[in-house]
Amino acid sequence: MIVVACNTASSLALDVLKQECPVPILGVIDPGARKAAHIDKLKKVGIIARNRPSKAVSYAKRLKDFEPKFLY
């Protein structure tokens, strides 16, 4: 198993890594997005990401995957 413990790498390369590597790969975006999707009753979550809009977009997409009522 490989853990991609970097938000930037998780948001930009995780899908490719999962396709190319024969071992399980985990990123750091899914756990936070999953938790936020299940605890926020108003379906509004603020996302703070440094320097890369792709990080915020990655979290927003995963939030929507876990809870379709989220808007982004």
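We did not get these values from a lab; they are worked out from the coordinates using the rules stated. What you see is a predicted model, and the numbers here were worked out from it, not measured in a lab.
Taking amide H positions as placed in the peptide plane 1.01 Å from N, state which residues far from Leu26 in sequence (5 or more) or on other chains have amide H under 5 Å from it.
Ile2, Val3, Val4
Name the residues whose placed amide hydrogens come within less than 5 Å of the amide hydrogen of Phe70, ignoring near sequence neighbours (fewer than 5 apart) on the same chain.
Sorted by chain and number, the residues that satisfy this come to none at all.
Straight-line reach from Lys44: which lysines have Cα under 25 Å away, leaving out those fewer than 8 places along the same chain?
The qualifying lysines are Lys35, Lys55, Lys61, Lys64, Lys69.
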